[in-house]
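The values are calculated or read from the model by the stated rules, or taken from the named source; none is laboratory data. All of these numbers come straight from a predicted model, not from anything done at the bench. Cβ placement follows ideal geometry from the backbone for every residue including glycine, while neighbour counts extend to all protein chains displayed. We work out accessible area using only protein heavy atoms, side chains counted, and drop any ligands, DNA or RNA first. Shrake-Rupley method; radii C 1.70, N 1.55, O 1.52, S 1.80 Å.
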Amino acid sequence: MLRSGLGSRPRFALQVIFAIVTGLVGAALLHLIIVLLLPEFSERDAYTRILAKGEIHRFYRLGEKPDRTGLAKDDPFVEVAVCAFDVADGPVRLTAANSGVPFWSLAIYDQSSNEVFSINDRTSAGGGLDLVIATPVQLTTLRKSLPQAISQSILVETRQADGYAVLRSLAPQKSFADIASQFLDKATCTPFEWRTRSRF
């Protein structure tokens, strides 16, 4: 009985070593697969796809079917436009006049798709869209001498320079389709030109 007990110890040790080696090999293979697939997944994030639409600081409409970037709207009754922005050199202003659209909403995301800010026609002043996105330092500079042009604008702080905005317009019936389209087509997402912008 004693010999049997002693003989089982080497077998148990070998089983433990085999399990450890198997685990290490499996972890190494998993790590290798993740590293090899990372570029493919990084090119599929929302920010990268929006950048692939074209130049930044411009709204792009999304269709019902995915385009070459893989982006598409997910509701037939909601028109969608997206805009990538960069506030590294200065604030960016987003505007859209409400000419009768029944509902609109805007969400701002950072580069990692974390929501920074959201607003809709119920919470905006006058029912239209008018906001300025800026870094904390830029906002401090703006508030010291707020230009008249943005005196009624909503000031939104972002800690990351790069991000994107998603603007949605509701078209519950065909009669609202043109109004919803015009609302998005006339929306702007442009750098805010200010005479002291160089101070940013």
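For Thr135, the residues whose modelled amide H falls within less than 5 Å of its own, excluding neighbours fewer than 5 places apart on the same chain, are Thr158. Suppose R0 equals 45 Å; then what is the FRET efficiency for Arg122 and Arg68 from their Cβ-Cβ distance, rounded to the nearest 0.05? The value I calculate is 0.80.
Any idea of Arg61's accessible area? Nearest 10 Å², probe 1.4 Å. Rounded to the nearest 10, the figure is 80 Å². The apolar share of the surface of segment 50-200, taken as the fraction of accessible area on carbon and sulfur atoms (1.4 Å probe, ligands and nucleic acids excluded), comes to 48 percent.
In order along segment 116-123, the Karplus-derived 3J(HN,Hα) couplings, from 6.51 cos²θ - 1.76 cosθ + 1.60 at θ = phi - 60°, round to 9, 7, 8, 7, 9, 5, 6, 9 Hz, and Gly and Pro are given as x. The Rg/Rh ratio for segment 52-182 is 0.98, where Rg is the radius of gyration of the alpha carbons and Rh is the Kirkwood radius. Can you give me the solvent accessible area of Phe77 with a 1.4 Å probe, rounded to the nearest 10 Å²? About 110 Å², ignoring ligands and nucleic acids.
So who's got an amide H within less than 5 Å of the one on Phe117, skipping anything under 5 residues away but keeping other chains? H placed 1.01 Å off N, in plane. Under 5 Å from the amide H of Phe117 lie the amide H atoms of Ile108, each far enough along the sequence or on another chain. The Glu157 and Gln15 beta-carbon pair, evaluated with R₀ = 41 Å, returns a calculated FRET efficiency of approximately 0.10.
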